[in-house]
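A short worksheet on the structure shown next.
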Amino acid sequence: MGQYFYAVNETKKEYVSAWDIGGLAKLWEWCVNKWAGIFPYLLRKSSEYGGGDIQISNPEYAGRWDGDRVYLVGDYDESNLFQKAQEKFTNISKPLAKEYNDFVELEKWKLQIDE
């Protein structure tokens, strides 16, 4: 393994794989590319009164991870959370990316969804 990272929600038993949304999965790659935009989307806390908030009806993933135990965890981490997520948690990458792309709207910033 090569120190790859998943975004993992231990509370909801979900994870996001950068590979499934057109990205790469090392820490540096998560930090400097557009798929990192999923974090403010998943973690947002809002009463939805301000401009620039979610304009799609009934978003399932916007704010979904607010207040949860969320980690960007590597495959070498001694917690084995990376492996546990891969084996037992739900991968929400593709449906999250579809909703996120509807929110972002701009082609340049949309995530690639590998079908």
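Structure summary
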quantity	calculated
Estimated vicinal HN-Hα couplings, Hz - region 101-108 in sequence order (Karplus 6.51, -1.76, 1.60; Gly, Pro = x)	5, 4, 5, 5, 6, 7, 3, 4
Fraction of accessible area attributable to carbon and sulfur, region 50-115 (%, probe 1.4 Å)	43 percent
Equivalent ellipsoid semi-axes, the chain, via Cα gyration tensor eigenvalues times 5, rooted, Å	24, 16, 12
Note, ³J(HN,Hα) from phi for region 78-87, Karplus 6.51, -1.76, 1.60, rounded to Hz, x at Gly and Pro	5, 5, 6, 5, 4, 5, 4, 4, 4, 8
Per residue accessible area in Å² of region 54-115, where ligands, DNA and RNA are left out and the probe is 1.4 Å	65 Å²
Peptides 4-12, 88-96, 54-62 ordered by average Cβ neighbours within 10 Å, highest first	4-12, 88-96, 54-62
Long-range HN-HN contacts of GLN3 with modeled amide H, under 5 Å	ASP75, TYR76
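The values are calculated or read from the model by the stated rules, or taken from the named source; none is laboratory data. A quick note: this is a predicted structure, and the numbers were derived from the prediction, not measured. Glycine gets a Cβ as well: all are built from the backbone with ideal geometry, and neighbour counts include every protein chain shown. In case anyone asks, the SASA skips ligands and DNA or RNA and just uses the protein heavy atoms, side chains included. Shrake-Rupley method; radii C 1.70, N 1.55, O 1.52, S 1.80 Å.
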